[in-house]
Structure formats: C-alpha cells, structure tokens
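**Student:** Dropping a structure here in structure tokens format, bear with me for questions.
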Amino acid sequence: MHSIIKTSFAAIVAAGIAVTSANAEQLSGDLVIFSDMSNPAPRAVMEGMVERFGAMHPDMNIELTVIDREAYKTQIRNFLTADAPDVANWYAANRMLPYVNAGLFEDVSDIWEGQMSTELASTKGALTIDGKQYGVPYTYYQWGVYYRKDLMEQFGMSEPTTWAEEKANCQTYLDNGIKCYAIGTKYLWTAGGWFDYLNMRTNGYDYHAALTNGEAAWDSAETRATFANWRELIDMGAFIDNHQTYSWQEALPFMTNGEAASYLMGNFAVAALREGGLDDSKLDFYQFPEITAGIARGEDAPTDTFHIPSGASNKDNAKAFLKFIVSADNQTLINNGENLGQLPVNALSAVDDDKFLNEGFDMLSNKAPGGIAQFFDRDAPAEMAAVAMEGFQEFMLFPDNLDDILGRLDAAAVDIYAE
Amino acid sequence: MTNTASNFDPPSRGWYKRNEIAITPILFLIPGIFFFAVYVIYPVFQSFNISLYKWDGLGEAEFIGLKNYQKLFEDRAFETSLWNNLKWLVLYLLAIPMGLFISLFLNQKVVGIRLYKSLFFFPFVISQIVVGLVFSWFYDPTFGIFTKLIGFVGLEIKGGVLGNPTAVTYGIIAAGLWPQTAYCMILYLTGLNSVDPEQVEAARLDGAKGWKMLWYVIIPQLKPATFIAFVVTVVGALRSFDLISIMTRGGPFGQSRVLSYYMFEKALSEYGFRMGYGAAIAVVLFMIMLVFIAYFLWSMYQEEKGAH
C-alpha cells in the first residue's frame, strides 16, 4: 500500500517536472530569497537581479528579504532550521560545512552538470564537499597589497617582488616616519589575511591547506618559520600602532592621510580608498611578494555564494534562479565597476575595464599556480578560525608569547578536528 | 466590592464565591507563574541538559556527560572570563557609595536643583550602547581625551585603555560605573525623602554631626535603598554584556571577556557552534548568580518575618 502511494506520488511529481520543463521559460509560483547583500552597492545588485529574473518569469511571485550582513551570520542557523527561504546567501568552503553536515543545504550538483562545471571550474572545489556541490558562486575578489603609488615614487622605490625588497622598502618608509602597513585587528580576521599570505609564501599552498584542514601541527618548524617572518615586520615596527583598537575601516585614514604606505586587503578596500581621496595616480596594487624562493604562489580569493536550503518549498524555482545567477551575462553585469566592482566567476564573463580588476583577474588566472585559497576563516573550521585569529592578534602585540599561542592552537585543534 | 456583611450570607452561593479569598490570589498568580515557568524555569533545566551534550546547534546532539565541564577547567579563556567577572562584581559595587555621596550632595533645596538632579541621572537614561561608544572615543589611543589627560601627567597606557590587555577590563568597568552610579543615586534620593526629620533633629540635639550623623543616623534609615542598590548592582555586574560587546568584543585577544560574553561567543556568535560548551558556561554563571539570589531571597524572607 505504502509503496503504491509512493510510486503514484513519484509519478505525479515526475509529471509535474515534465510540465515545468516543457514550460522552462515561464515559471510560476513563489520564490523566497534571504540575502546578506546589505551594503548599498550589493543591495542594488541583488534587487536588480530579482527584477531581471522577475521580468523573465512574470508569473512568479518573488519575495526578497535583505538582512544586515553581520546579523545574517548569526541568523542563518535559525532560519535554515525554522523557516527556510528558497534561496540564501552564504560563503564557500569550510564556512558552509556545518550546514552541509547538518543536511541544511540542498545538493545542487545537477546545476553543475556539464557545461557549468567548465564555466565555473575555478571555484568548483570550494563548493564541493564529498564530491557534491552545495551552492553556486556569484562573485569573488583578489587579495593583495594596495599601496600609495605616490609615496613609493617619492622615495624612488618600485613594487617589491621578493621578501628582501619588501623589507627594504618598508625600512625606507620607516626611516621617513611612515608606517609600512595599515591594519585594524579589532575584529581579528584582518590578521588572518596576513597569516594566509605569510604562510602560503613561506611554506606553500599545500602546506597551508593541510594546516587549515587540521592535517599539520601548529607547533612545527614550518609554522614557526612563518611566524619568524612575521616577527621581522613586527620588530621593525612596520604595522601601525594600536591596531587592536581599530576595525579595518577605521585603519583606512592612516593610508589616505599618508601615515601608512600600504594595506594588505581584499579588493573591496579599493572603493573605500577611492572615496577617501586616492585616485589611480596615488593608489596601486601588487601581488604579495615571494618569500621562499621557488614556491608556487597561492592566493586568497574569497567566493561569495548562493545556496538552496533543504527546507525550501520552491526548489525548482530556486534552481532556476541559481542558474540565472551563474550565467555569464549576469555575472558580467553584476560584477562590473558600477555594481559590485569584483570579479565574475564564470569564465565566459567579461571583466570590467578597471585597473584593479584587470590586475586581479590576471593575477588569479596566470600568477597563482600554487592554488586559490578562500580565506583563513573560510578554509579553517569556524571554531579553529576564531581561536587562531585571536592568537594572531596576540602574536602581533606580544610576539614573545608565540610558544604559548602555538601550544594553545594545537590543543584546540585536537578537539575541533576530532569529529 | 461585596461588603463584609455578605460573609454571613447563607451557604447558597456558588463554589467560587465561597472560596473567593483563597482562589483569587492563585488566579492572579497563574499568568505570572506560567510565563516564569516557560521562559525562566524550563530554560534553566534545558541549559543543564544541553551542557551534557556535544551539539553544534544544527545536527544531532551527542551525549558526553560532564566532559564540557571538564574542559572548562582546562580552558584558560574561561579562567580569564571568570576572573574578569570577579573584578566586575567587586568594582561595580563602588557605584553604591558613589551614588550615596552624589545623592547627599544633591539633597538640598537650591534654585534649579531638579535640573541638576536630572543631569546627574542622565547617563542612566541613555542606552548602554551609547555609553560604550562615548567611552571608546574617550579612551581612543590617538585622539581620546583620556589619553591626552594622562599624557599631561606623563602617563601612557600602551595600546590605549581598550587595547591594553591589563587595563581593558578596568576601562570597561569605569564606563559601566557611570550609569550605574546614577541609578544608585536615584535610589538614595528617594530613600532620603523618607528619612525621619525628628530623628535627625534628636541626633542633632545630642550633638551628632558630620560622619557620625551619616553613619549612625542616616545610613541605617537608608537600609532598604541600600539593599535594592546592592541587588541591582550585583545583577548589573553579572550581566555586563552590552558594554563589552560594543567596546572591545572581548578583545584584545579575549582579555576583556566575561562569562556571559564567552558563552555568547562559544555558542551563538559568528564562529560559535558549541552549544553544549556554551550551556556549560551558562550553568556556571547561573551557579554564581544563585549564591546571590539565595542571599536576596533569604534576607527578604527575614524582613517579611520581622514585619509581622
């Protein structure tokens, strides 16, 4: 009896699917979207996407809720379990792991089948867990050193490509009363960016990936070498003072005022720096220099994503929306300089003609043979990231505490990776 | 509204009417008890229960007995939070004498005293978030007034008050004392209204003045106000969360955390997925509070007994 009902139900569903696919152009019903794109530009992008998708499917009733980006990070677990939307924003790699493990994100491997896998190849790994894909990317951006071009020219220096040059440049700045690096570590993650780069350059991408995956120990010769390099900069006084009291935005004026010469940051800082009065004659970008000679360079390029919660009630509509998001045309449009000002993930999309986007795209496509990392707090499990980034901040203030910090991280890792 | 004579009416009235005196208080209590049970008592036991599990808040919970508590004892971040809680408890009590002296100072009749009183009460009216923001600018290591002021006397706190792991907790407590002192002040101002002028007069005739007058005549009469001030200050110290969240987020590297903030970080924040561990911290915090709750209940009970 049970199986008969099941079969007939399946038949009805199959028929339903057949009908929808026959009318693939015109979907109807509801689509509920929760988004964390709350900053002005991303919000306009999200609303624009809903509008264009709505125009393609006039009978569909789309409901968009934009939630503050920071608040979203804690709210997501409530709404995924209690009142799931059909589509939700989140982040790739380990950041989505807890939700995938808890069965809260839908397997969307079918969207990735065939051509999409080629078009989105660069981020497929970051969205794959146990061979299945659990979301789609809509944008990513490079990290690197943004610097005051005018200051560098004033002291007759050029973009460093090796660690020795980097330190020599830094010493020149310091001799002239300018700090080398602006940074604000109040919210900890900015120190994670420094660790990512120093570790990837000192020990290579593979070691870095092993460390964030819990396959390597924190108290090791390799990691200690990374911290030793970091300490060279700290002992020089390269970072601005009191960085533990600033957010990354609060540290920006140091750079726009010329009190600090550069900033290791994601490309999203460009908009803020331009707003702070730095035009392209004063602002430039270089790839984080080589430290250990001959190591293939890896880069951070965090990917922002869309997912379908398992509790969604309109999964067909949601999948159609995800397909729309990853399409080459849409990605070209939403990532251009007037919108997100970031890099499209789809390989067939065009990168907007912007100095930093071009340089970033070239760097990620041609100069990052080591591999593309997501970012420390997305590659490492959430709890490990929290403990480790706190340790990084402590190290930046009290480099002598290193033994203690490494011991603590290893102790924490035992618990966190045990699962 | 029935008059007392109706109590002697023949027993033909309904069951409710007959038991009205006994039933009515219970009826009035039911809504309160119901919500207290659902929103306070039940969650307390639920927290106890969750603290015995390893649970990320999303998937299956795994029973691990007392392991969370065992881990707490080895966790130095927990130890720091516990010590900070103690600092809060002790130093926050300064609000009581400070409030008392301000209220004595303001308890006089001059033109515009109402305005002065309301100005002193002002910090309690504004949100804790605003207090936190104001004090973080005040402490700012580059342009904050506090930094400049101590600079005049040749002092320097490395990293600024909020960036210095030793100074940070004291800095936040000082910010918290500002509104808390105002609160204690208003409690004492009300208390001073009920001080018996005849007793003051009699003491004066006996030659008491100054500190003796304050200590032996005024303060004993302010006992109810002191009790309430003590209760609200202890409770305020133990739930010090918003100031820490807005001023430092527990930093630098976790040195300004207290138990409530640590619990939030472990269980509910952006990177926190350890519900069981967070619940264990909550249980410890509850146990500390229980000591005070028991004391409050006991002294209220004693007072009730004395009143009859």
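Just so it is clear, none of the values below were taken in a lab; they were calculated from the coordinates. Note that this is a predicted model, so its numbers are computed, not measured. Because the Cβ atoms are built from the backbone with ideal geometry, glycine has one as well, and the counts that use them run over all protein chains shown.
**Student:** Sequence gap of 8 or more, or different chains, plus Cα separation below 22 Å: how many lysine pairs satisfy both in segment B:75-307?
**Tutor:** 9
**Student:** Considering every residue in B:270-278, what mean count of other chain Cβ atoms within 10 Å of its Cβ is obtained?
**Tutor:** Mean number of neighbouring Cβ atoms from other chains: 5.
**Student:** Cysteines without a disulfide-compatible partner in the protein assembly as shown, using Cβ under 4.7 Å as the rule?
**Tutor:** Cysteines of the protein assembly as shown left without a disulfide-compatible partner: B:184.
**Student:** Give the cross-link partners of residue A:282 among the aspartates and glutamates, using a straight C-alpha distance below 12 Å as the criterion and excluding same-chain residues fewer than 8 apart.
**Tutor:** Cross-link targets: A:150, A:153.
**Student:** Still on this structure: Treat the count of other C-beta atoms within 10 Å as a stand-in for reagent exposure and order B:181, B:190 from fewest to most. Don't jump to the answer; show the numbers that get you there.
**Tutor:** Details: B:181 25, B:190 14.
Neighbour counts put them in this order, fewest first: B:190, B:181.
**Student:** Give me A:348, B:106, A:188 sorted ascending by neighbouring Cβ count inside 10 Å, so fewest comes first.
**Tutor:** Details: A:348 14, B:106 20, A:188 25.
By the 10 Å Cβ count, ascending: A:348, B:106, A:188.
**Student:** If you plug each phi of segment B:187-195 into the Karplus form 6.51 cos²θ - 1.76 cosθ + 1.60 with θ = phi - 60°, what whole-Hz ³J(HN,Hα) values come out, in order, with x for Gly and Pro?
**Tutor:** These are the phi-based 3J(HN,Hα) values: 5, 6, 4, 5, x, 5, 4, 9, 5 Hz.
**Student:** Put a dot 7 Å past each Cα toward the Cβ at residue A:115 and residue B:19; how far apart are the dots in nm?
**Tutor:** 7.8 nm
**Student:** Among A:310, B:127, what is the fewest-to-most ranking by other Cβ atoms within 10 Å?
**Tutor:** Details: A:310 18, B:127 11.
Starting with the residue having the fewest Cβ neighbours, the order is B:127, A:310.
**Student:** Now, a different point. Quick one: which residues, 5 or more positions from residue A:300 or on another chain, have an amide H under 5 Å from its amide H? H modelled 1.01 Å from N in the peptide plane, none for Pro or chain starts.
**Tutor:** It is A:143, A:373, by chain and number.
**Student:** Quickly rank A:32-41, A:153-162 as a protection proxy: mean count of other C-beta atoms within 10 Å, highest first.
**Tutor:** A:32-41, A:153-162
**Student:** Right, something else. So which lysines can residue A:323 reach, going by Cα to Cα under 19 Å and dropping same-chain residues fewer than 8 places off?
**Tutor:** Filter leaves A:124, A:132, A:315.
**Student:** What residues of segment B:161-181 lie in the reach of a label at residue B:122, counting those whose backbone N is under 14 Å from a point 7 Å from the Cα along Cα→Cβ?
**Tutor:** From segment B:161-181, the list is B:179.
**Student:** When the label point is put 7 Å from the Cα of residue B:200 along its Cα-to-beta-carbon vector, which residues of segment B:77-110 have a backbone N closer than 16 Å?
**Tutor:** Under 16 Å, as judged by backbone N against the label point of residue B:200, lie B:100-110 of segment B:77-110.
**Student:** Still on this model: If you take each beta carbon of peptide A:241-254 and count the beta carbons of other chains within 10 angstrom, what is the mean?
**Tutor:** Numbers: counts 6, 11, 3, 12, 17, 4, 1, 0, 0, 1, 0, 0, 1, 1.
Neighbouring Cβ atoms belonging to other protein chains average 4 per residue here.
**Student:** Hey, another quick one. Which whole-Hz ³J(HN,Hα) couplings does segment B:111-125 yield from phi under the Karplus relation 6.51 cos²θ - 1.76 cosθ + 1.60, θ = phi - 60°, glycine and proline marked x?
**Tutor:** Once θ is set to phi - 60°, the couplings for segment B:111-125 become 5, x, 4, 4, 5, 4, 4, 5, 5, 5, 7, 3, x, 6, 6 Hz.
**Student:** Oh, and also: In peptide B:21-30, what is the residue-averaged number of other protein chain Cβ atoms found within 10 Å of each Cβ? Don't jump to the answer; show the numbers that get you there.
**Tutor:** On the way: counts 0, 0, 0, 0, 0, 0, 0, 0, 0, 0.
Mean number of neighbouring Cβ atoms from other chains: 0.
**Student:** While we're looking at this one, here's another question. With each pseudo-label sitting 7 Å past Cα toward Cβ, what's the residue A:75-residue B:48 distance in nm, one decimal?
**Tutor:** Taking the simple label geometry, residue A:75 and residue B:48 are separated by 3.5 nm.
**Student:** Suppose R0 equals 60 Å. What FRET efficiency, 1/(1 + (r/R0)^6) with r the Cβ-Cβ distance, do residue A:175 and residue B:298 give to the nearest 0.05? Intermediate values should be presented prior to the final figure.
**Tutor:** Numbers: r = 68 Å, r/R0 = 1.14.
My answer for the efficiency is 0.30.
**Student:** Using all Cα-Cα distances in the protein assembly as shown, what percent lands in each 20 angstrom bin from 0 up to the longest?
**Tutor:** Going out from 0 Å in 20 Å bins, the protein assembly as shown shows 14, 40, 31, 13, 3, 0 percent.
**Student:** Test of the criteria: in segment B:96-126, which trypsin sites (Lys or Arg not before Pro) are in a DSSP loop and have at most 13 other Cβ atoms within 10 angstrom of their Cβ? Walk me through the numbers before you get to the answer.
**Tutor:** Details: sites: B:109, B:114, B:117; in loops: B:109.
Loop-located and lightly packed - B:109.
**Student:** Just the number, please: Stokes-Einstein D of segment B:75-307 in µm²/s, Kirkwood Rh from C-alpha pairs, 20 °C, 1.002 mPa s.
**Tutor:** Answer from the Stokes-Einstein relation: 108 µm²/s.
**Student:** Would you calculate, for the protein assembly as shown, the mean residue ellipticity at 222 nm contributed by helices, counting each DSSP H stretch of 4 or more residues as -39,500 (n - 2.57) and dividing by all residues, to the nearest 500?
**Tutor:** Values: 36 runs with 408 residues, N = 727.
Computed mean residue ellipticity for the protein assembly as shown: -17000 deg cm²/dmol.
**Student:** Would you list, by chain and number, the aspartates and glutamates whose Cα falls below 12 Å from the Cα of residue A:355, excluding same-chain residues fewer than 8 positions away?
**Tutor:** In chain and number order, the partners are A:279, A:280, A:284.
**Student:** State the percent of C-alpha pairs, over all pairs in segment B:82-146, separated by a distance greater than 17 angstrom. Before the final figure, lay out the partial values.
**Tutor:** Values: 1328 of 2080 pairs.
The answer is 64 percent, as a whole percent.
**Student:** What is the magnitude of the charge dipole of chain B about its Cα centre, with +1 placed on the Cβ of each Lys and Arg, -1 on the Cβ of each Asp and Glu, and no other charges, expressed in debye to the nearest 20? Provide the component values of the computation, followed by the final result.
**Tutor:** Numbers: 23 positive and 19 negative charges, 68 e Å.
Dipole about the Cα centre, nearest 20: 320 debye.
**Student:** Suppose every Lys and Arg Cβ carries +1 and every Asp and Glu Cβ carries -1, with no other charges. What dipole size does the protein assembly as shown come out with about its Cα centre, to the nearest 20 debye? Mind showing how you got there, number by number?
**Tutor:** Working: 50 positive and 79 negative charges, 681 e Å.
The calculated dipole for the protein assembly as shown is roughly 3280 debye.
**Student:** Let me know the charge dipole size of segment B:188-308 about its Cα centre in debye, to the nearest 20, where only the beta-carbon of Lys, Arg (+1) and Asp, Glu (-1) is charged. All intermediate terms of the calculation are to be shown ahead of the outcome.
**Tutor:** Values: 10 positive and 9 negative charges, 88 e Å.
That gives a dipole near 420 debye.
**Student:** Could you check the simple spin-label distance between residue B:305 and residue A:130, using points 7 Å along Cα→Cβ, in nm with one decimal?
**Tutor:** Rounded to a tenth, the inter-label distance reads 6.2 nm.
**Student:** Which whole-Hz ³J(HN,Hα) couplings does segment A:45-59 yield from phi under the Karplus relation 6.51 cos²θ - 1.76 cosθ + 1.60, θ = phi - 60°, glycine and proline marked x?
**Tutor:** 5, 4, 5, x, 5, 4, 4, 5, 5, x, 5, 6, 10, x, 7
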